[in-house]
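J.: Below is a structure I'd like to ask you about.
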Amino acid sequence: MSFKKIATVAGLALGSLVSAQSNAHHAFGAEFDAKAPLTLRGDVTRIEWVNPHAWFHIEVAKADGTKENWRIEGGTPNTLLRRGINKRSIAVGTEIVVDGYWAKDRSNSANGRNITLANGKKLFMGSSGTGAPEDGADKK
Amino acid sequence: MPPSKLLALSLLLTLAACSPSEQATQQVEQAESNAFKLSGDVKHIMQWVLDPAAFGVWGSAGSIITAAGTRELAPTTDDGWQAVEHSAAVVAASGNLLMMPGRAVDNEGWKNIAQGLVDAGLLAQAAAKNQDSDALFDAGAQIYRVCKACHSVYIRGDKAADSP
């Protein structure tokens, strides 16, 4: 999905920000839609470095100028550590682009696959063996 | 000798007189006639026993980072640690609950994973008892590895009805 679609996705998004600690323990297919890939660009506002999944919250600017909060599910902290991502790798306030899959309930929640940092560096943030499409970076 | 001891002695003598195959048959019969009374299926254990306990462990280790700073999730009081120890003990006990007749889906695979859950729960229990937040975080990761190993084998499809 191109960045041009970011605003469309953001505009369609439902729900409000999730401030409470995320609470999910599930297979990919139980919560996320493999047929709804999306790309989100936003500033990191909150990182939950917790088991069973790390969560990255970002603030996405919509086309109309308003902002909305999204929460992005990552792999387990140990999985991320093995890929070189620790809880300090992405500072709060940093702009990132996330490629992932939208929640089935169409809330502002997604399963993250890749994070692209402002310098172009790409990090794989997902889990393997969860049933997510193309475990590992998605083929283009 | 008290009657209860006489009964136990006679049972031991009876068992000793049995061949291995007879003993196995007796164990099966004993399991079938034991006092277990299932209060729910595997989903029930997951939803009402294991999940809340596991999240009790997971929610008590790690960090929340915002612009305001970093908040560590580890308990800061003895009561808080005791609550985590309680959750961890329930996780460990859940492994045994999953092995009860009527819940176990197969023999070796199910048993190994369920025993792994007991071990992971006991790790978390020890970490909480020692008020060791790093060890608790690692034990939480171990609990999830067991969950994932089990789900990868025994969960079928995305609908709860498809699985045990």
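J.: Looking at B:S94 and the list (1) in contact (Cβ under 8 Å) with a residue 24 or more places away in the chain; (2) more than 14 Å from every other protein chain (Cβ to nearest Cβ), which single condition is not satisfied?
T.: B:S94 satisfies all of (1) in contact (Cβ under 8 Å) with a residue 24 or more places away in the chain; (2) more than 14 Å from every other protein chain (Cβ to nearest Cβ) except (2).
J.: Another one. Restrict the check to region B:72-84 and report whether at least one residue is facing chain A (nearest Cβ under 10 Å) and surrounded by 15 or more Cβ atoms within 10 Å (Cβ to Cβ).
T.: Yes - at least one qualifying residue is present in region B:72-84.
J.: When region B:127-153 is examined, which residues are found to be of a type in the set (G, A, S) and in contact (Cβ under 8 Å) with a residue 24 or more places away in the chain? Break it down into steps so the answer makes sense when it comes.
T.: Start the filter on region B:127-153 by keeping residues that are of a type in the set (G, A, S), which leaves B:127-128, B:133, B:135, B:139-141, B:149, B:152.
Answer for region B:127-153, where residues must be of a type in the set (G, A, S) and in contact (Cβ under 8 Å) with a residue 24 or more places away in the chain: B:A127, B:A128, B:S133, B:A139, B:G140, B:A149.
J.: Looking at A:N86, A:N51, which one is outside any strand (DSSP E or B), within 9 Å of chain B (Cβ to nearest Cβ), out of contact with any Leu (no Cβ under 6 Å at 6 or more places or on another chain) and not aromatic (F, W, Y)?
T.: Details: A:N86 fails: within 9 Å of chain B (Cβ to nearest Cβ).
Unique residue meeting the criteria: A:N51.
J.: List every residue pair whose Cβ atoms sit under 7 Å apart, with the two residues 6 or more apart in sequence or on different chains, where the first one lies in region A:106-126 and is touching a residue at least 40 places away in the same chain (Cβ under 8 Å) and the second, anywhere, is of a type in the set (S, T, Y).
T.: A:A110/A:Y101; A:N111/A:Y101
Where a number appears in this text, it was derived from the coordinates with a stated rule and is not lab data. Only a predicted model underlies this, so the values are computations on that prediction, with no experimental measurement involved. With ideal geometry, Cβ positions are generated from the backbone for all residues, glycine too; neighbour counts draw on all protein chains shown.
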